[in-house]
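Contents: one structure, followed by commentary.
All of the numbers you see were taken from the coordinates with simple rules; none came from a lab. This is a predicted model, so every value here is computed, not measured. When we count neighbours, we look across all protein chains shown, and the Cβ atoms used for this are built from the backbone with ideal geometry, even at glycine.
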Amino acid sequence: MVTIRTDDGIEGHAFLGSAMFPADQDGPSLVRALKPLVIGRDPRDREAIYAAMQKRGRYVTLRAIGAVDVALWDIAAKASGQPLYKHLGAYRESIPAYASSAVLASREAYAEEAVGFRDGGWAAYKIHPPGPWQEDIEICRAVRAAVGPEYRLMLDSTWSYKYEHAIKVGRAIEQLGFYWYEDPLADDDLMGCIKLREKLDIPLMATEYSPGGFTNYAPWILNKATDYLRGDVAVKGGITALLKTAHLAEAFAMNFEIHHGGNSLNNWANLHVALSIPNTQFFEVLLPAQAQKYAIADDLEPDAQGLIHAPSGPGLGATIDFELIRAKTIGTLS
Ligand SMILES: [Mg+2]
């Protein structure tokens, strides 16, 4: 947990680390490189602090920059006494959730899980397949057959294919009526994505992990290499980065689809952004959902219609389980 405290006694929080990247990878560098930039500063000088943090990009990760930025936004919204999405300027009060699968052991397991989420009212089911392209196509066929022709499905191939296989998978899921085709090629394969997008009708989604921060979206847009922009507070450097990206995308009539945040509080931060921009459609829930949740009481959960509702408390609005965090503390950096 990253905490920034103001002289008025307001505390802003963010969680650093996820199941894939433990916080000890980022904590020491955050304290070394970013803490000096916020100590003694006006927490409302977010844009100046963000610019200064960007210049430390060789010494810290975007995850660390994102955590400091999230905590600063939490402070700002708490100081204004509002939920963050209202402080940002609300666009909506709820957003449909989609289920984003883990890699499962069999076609049947995907099909069964997808039917469960369809029946539970969730807006869509996204397949993370194992990666061998022929098997991935078979999984998509099995899931489509199980859920019927109407239910919304997406495929996230997580940078698995060479171009010649990506085109085959793309044509197959196009025929199966999939909604988007995410990251079939390597995260930096701009040229491959340009070529692929020209040949396919299904919308292509890249830029979740394309190297670089906010400015790196420009070549993807200008070269028409993706139909969506993508990111989250951890991989792109905070709420400030997401807002800039969403507004950039809006100017090109593109949606900015927000990636899951890797930990509970990041997902609350992502949600506030999603509720305050017009050009996003879904809230991603990575499965197994429980494995992505920690240290928040009454964490985000879709209702019976598959909608995630706006938090009502000031700031991020999450009820952090400080007792649990204290009990599990293995070190304090300052
Ligand atoms: Mg993805």
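Could you check the simple spin-label distance between Ala102 and Ala304, using points 7 Å along Cα→Cβ, in nm with one decimal?
2.9 nm
Taking K and R as +1 and D and E as -1, what net charge do the other residues with C-beta under 11 Å from the C-beta of Asp299 add up to?
Computed value for this residue: -2.
Note down the relative contact order for segment 86-309 as a percent, whole number, built from C-alpha pairs under 8 angstrom at least six residues apart.
Value for segment 86-309: 23 percent.
Given the options Asn223, Asn263, Asn255, which has the most mean-square fluctuation in a GNM of the chain, springs set between C-alpha atoms less than 10 angstrom apart?
Asn223
Let me know the charge dipole size of the chain about its Cα centre in debye, to the nearest 20, where only the beta-carbon of Lys, Arg (+1) and Asp, Glu (-1) is charged. Numbers along the way, then the final one.
Values: 32 positive and 41 negative charges, 176 e Å.
The dipole of the chain has a size of about 840 debye.
What's the extension gain from Arg41 to Ala218 if we count 0.36 nm per residue and subtract their Cα-Cα distance?
Gain in length upon complete extension: 60.6 nm.
With a length cut of 24 Å (Cα positions projected on each helix's long axis) and a Kyte-Doolittle mean of at least -0.5, go through the chain and give me the DSSP H helices that pass.
Span-like helices, by this rule, are 62-79.
Using a Gaussian network for the chain with springs between C-alpha atoms less than 10 Å apart, which of these wobbles most: Ala186, Ala241, Ala109?
So, out of Ala186, Ala241, Ala109, the one fluctuating most is Ala109.
222 nm [θ] for the chain, helices only, -39500 (n - 2.57) per DSSP H run of 4+, per residue, to 500?
After summing the helix terms and dividing by residue count, I get -11500 deg cm²/dmol.
If I stretch the segment between Lys168 and Thr329 completely, what's the gain in nm (0.36 nm per residue apart, minus their alpha carbon distance), one decimal?
Numbers: separation 161, 0.36 × 161 = 57.96 nm, distance 4.90 nm.
Stretched out fully, the Lys168 to Thr329 stretch lengthens by 53.1 nm.
If you place +1 on the Cβ of every Lys and Arg and -1 on the Cβ of every Asp and Glu, how big does the dipole about the Cα centre of segment 109-237 come out, in debye to the nearest 20?
320 debye
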